[in-house]
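Engineer: First the structure, which I've put down as structure tokens, then a few questions once you've had a look.
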Amino acid sequence: MKLITTEGPEEFATIAATYLMRKVAEKPDLSLTLPTGSTPLGLYSVLRRARRGGDFSLDRATVFMLDEYRDLPTYPEGSFIEFLRQHLGEVIFNGSTTVATIDPDGPPRDYDRALDDAHGLDLAIIGVGRNGHVGFNEPGDDLSTRTHVVTLHEDTLEANFAGVVRRARPTQAITIGMPDLRNARSILMLVSGREKRGVADLLAAGIVDDGFPATQLLDHDDLTIVMAGELLRER
Ligand code: GLP
């Protein structure tokens with residue numbers, strides 16, 4: 001595992017973008033996952049700028065979503081696909097990028113098939129939830145299953161739908177499973193956000209803890225963690 005700690009959001013975004021751009025330069029037709037959340041927003045803004053400047057494209061790539069809500073009352077508002085349209089629309093929806101979307105109502109096996117057709121993931125770019133979830137592989141889930149339906153934990157709903165009334169929240173999601181993330185040729189794990197100190201400590205120390213799914217990826221052969229430096233500072 002390679003751990004890169006960064007000083008400030010700009011450095012965080014630049015390092016993540018440089019990593020991705022190198023991977024795309026090596027293999028323009030790579031298959032990769034892109035995460036939602038606030039963590040990758042700086043990265044996506046760098047990618048939009050680079051795309052506009054003609055320095056970067058994902059035109060030959062296949063993008064996989066990590067997860068999608070299943071019973072989101074406001075769908076598509078608040079969904080993963082809407083997030084991608086909003087933050088990376090001009091990068092992945094205006095060109096010829098293949099975007100493998102998860103059908104929230106479809107059978108999970110369809111997504112496994114799409115992953116198999118792409119010969120698995122070249123690169124899994126993932127964020128980490130405050131409870132250590134990856135995609136929506138929550139603590140306590142069966143981490144040996146491929147794409148599957150999960151019941152969202154209360155703390156995940158609180159984190160992702162703060163201020164949203166219960167009847168407008170989903171209860172379930174469909175997520176890529178840990179086996180496909182583990183089998184990715186390379187993993188770029190992005191960790192930022194004050195509330196993630198617990199999982200950040202474990203990751204930085206290289207400690208695998210069953211209660212934190214992200215730590216299950218620590219023994220991957222090609223794992224790079226980009227972590228906001230303030231998470232490891234004295235507190
Ligand atoms: C959601 C997503 C995860 C993401 C996490 C972290 O729960 N399913 O894939 O990593 O949020 O979000 P944030 O970056 O906002 O902390």
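Since every read-out is calculated from the coordinates, none of them should be taken as a lab result. Note that the coordinates shown come from a computational prediction; the quantities given were computed from them, not determined experimentally. We place every Cβ from the backbone using ideal geometry, glycine too, and count neighbours over all the protein chains shown.
Engineer: In terms of the Cα gyration tensor, with a ≥ b ≥ c the square roots of its eigenvalues, is the chain rounded because a/c is under 1.5, prolate because a/b exceeds b/c, or oblate?
Structural biologist: Details: a/c = 1.26, a/b = 1.03, b/c = 1.23.
Judged from the Cα gyration tensor, the chain comes out rounded (a/c under 1.5).
Engineer: When Lys and Arg each count +1 and Asp and Glu each count -1, what net charge do the other residues less than 13 Å away from ARG70, Cβ to Cβ, add up to?
Structural biologist: Working: positive: ARG169; negative: ASP67, GLU68, ASP71, ASP103, ASP105.
Residues close to ARG70 contribute a combined charge of -4.
Engineer: Place +1 on the Cβ of every Lys and Arg and -1 on the Cβ of every Asp and Glu in the chain, take the dipole about the Cα centre, and give the residue among THR62, ILE92, ILE176 whose Cα lies farthest towards its positive end.
Structural biologist: ILE92
Engineer: Just need the relative contact order of segment 2-232 here, percent rounded to a whole number, with Cα pairs under 8 Å and 6+ apart. Intermediate results must be reported in sequence, preceding the final value.
Structural biologist: On the way: 437 pairs, mean separation 60.0, N = 231.
Reported relative contact order: 26 percent.
Engineer: Indicate the gyration tensor shape class of segment 115-222 (rounded, prolate or oblate), computed on the Cα atoms with a ≥ b ≥ c the square roots of the eigenvalues: a/c under 1.5 is rounded; otherwise a/b larger than b/c is prolate and the rest oblate.
Structural biologist: Details: a/c = 1.97, a/b = 1.26, b/c = 1.57.
Oblate shape, in that a/c is at least 1.5 and b/c is the bigger or equal ratio.
Engineer: To continue, here is another question. Counting other C-beta atoms within 10 Å, which of ARG85, ARG166 has the fewest, and how do the rest follow? Intermediate values should be presented prior to the final figure.
Structural biologist: Numbers: ARG85 15, ARG166 8.
Least crowded to most crowded, the residues run ARG166, ARG85.
Engineer: Amide H of LEU66 versus every other amide H placed in the peptide plane: which residues, excluding those fewer than 5 positions away on the same chain, fall under 5 Å?
Structural biologist: Here LEU34 satisfy the definition.
Engineer: Then there's this: Report the calculated FRET efficiency for VAL164 and ASP221 (r = Cβ-Cβ distance, R0 = 35 Å), to the nearest 0.05. Mind dumping the intermediate values first?
Structural biologist: Values: r = 40 Å, r/R0 = 1.13.
Using R0 = 35 Å, I get an efficiency of 0.35.
Engineer: If each residue's Cβ is checked for other Cβ atoms within 10 Å, how do ASP117, ASP141, ASP155 rank with the fewest at the top? Intermediate results must be reported in sequence, preceding the final value.
Structural biologist: Working: ASP117 11, ASP141 18, ASP155 15.
Taking fewest neighbouring Cβ atoms as first place, the list is ASP117, ASP155, ASP141.
Engineer: Where both residues lie in the chain, what percent of DSSP beta bridges are antiparallel, nearest 5?
Structural biologist: Details: 8 of 31 bridges.
Of all bridge pairs located within the chain, approximately 25 percent are antiparallel.
Engineer: Right, something else. Output ³J(HN,Hα) for segment 134-147: one whole-Hz value per residue in order, computed from phi by the Karplus curve 6.51 cos²θ - 1.76 cosθ + 1.60 with θ = phi - 60°, and x for Gly and Pro.
Structural biologist: Residue by residue, segment 134-147 yields 10, x, 10, 7, 7, x, x, 5, 6, 7, 9, 8, 6, 3 Hz.
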